[in-house]
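Have a look at the structure below before the remarks.
The values are calculated or read from the model by the stated rules, or taken from the named source; none is laboratory data. Quick caveat: nothing in here was measured; it's all calculated off a predicted structure. When we count neighbours, we look across all protein chains shown, and the Cβ atoms used for this are built from the backbone with ideal geometry, even at glycine.
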Amino acid sequence: MPALTRVLLAFASLLLGPLVVMADEFPKDTDKITSLTVEEAKRLMAEFPDCLALNGLTSLSDEAAKALGHHTGTLTLDGLTTLSDKAAKALGKHKGTLHLSGLTTLTDEGAKALAEFKGEYLYIDGLNMLSDEAAETLSANPVIVLPDRFRP
């Protein structure tokens with residue numbers, strides 16, 4: 001093999017090597033992902049535009065929530081039990097179907113933010129604590145699925 005060819009192959013492997021590692025970085029089952037950066041969220045949304053399940057996440061930064069809020073397909077985040085008010089506002093901008101069935105509580109501010117949801121459906125049917133004000137705010141939106149005890 002000519003020296004120039006060897007040099008070009010070595011150079012190509014240095015450039016393309018990180019791309020191969022990046023592609024293998026996530027498990028095939030996205031529910032096994034336990035943490036998420038903004039860059040990772042964007043990559044996953046590009047890779048799974050129709051349906052993205054991230055049920056292994058037990059926490060979500062406000063910045064990653066803001067990125068995920070731009071997803072337009074079905075987004076499932078049932079591993080989250082709590083959500084900051086900023087994250088609720090960001091995810092409330094989601095345009096598809098959003099599953100947050102793992103949430104057990106929601107602040108009044110978080111409820112106001114999610115009540116603005118204009119996507120297909122928002123499932124927050126795992127709540128076991130919700131103020132009367134938050135329940136009233138959320139139940140006014142017909143695409144939000146709440147536990148029956150919080151419906152008027």
Would you mention how many residues in region 26-56 are of a type in the set (S, T, N, Q) and part of a helix (DSSP H, G or I)?
1
Residue among G96, G119, G126 that alone is on the phi < 0 side of the Ramachandran plot, small (G, A, S) and out of contact with any His (no Cβ under 9 Å at 6 or more places or on another chain)
G126
Residue match in region 89-109 (condition: more than 23 Å from D132 (Cβ to Cβ) and of a type in the set (D, E, K, R)):
yes
Given the conditions (1) modelled with pLDDT under 95; (2) out of contact with any Gly (no Cβ under 9 Å at 6 or more places or on another chain); (3) under 26 Å from A87 (Cβ atoms); (4) not polar (S, T, N, Q), every one holds for D29 apart from (2)
For region 138-152, how many residues meet the condition of being closer than 16 Å to K118 by Cα and surrounded by 13 or more Cβ atoms within 10 Å (Cβ to Cβ)?
7
Complete set of residues in region 23-81 that are charged (D, E, K, R) and within 18 Å of G110 (Cβ to Cβ):
D62, E63, K66, D78
Looking at E120, is it charged (D, E, K, R) and in contact with a Pro (Cβ under 9 Å, 6 or more places away or on another chain)?
no
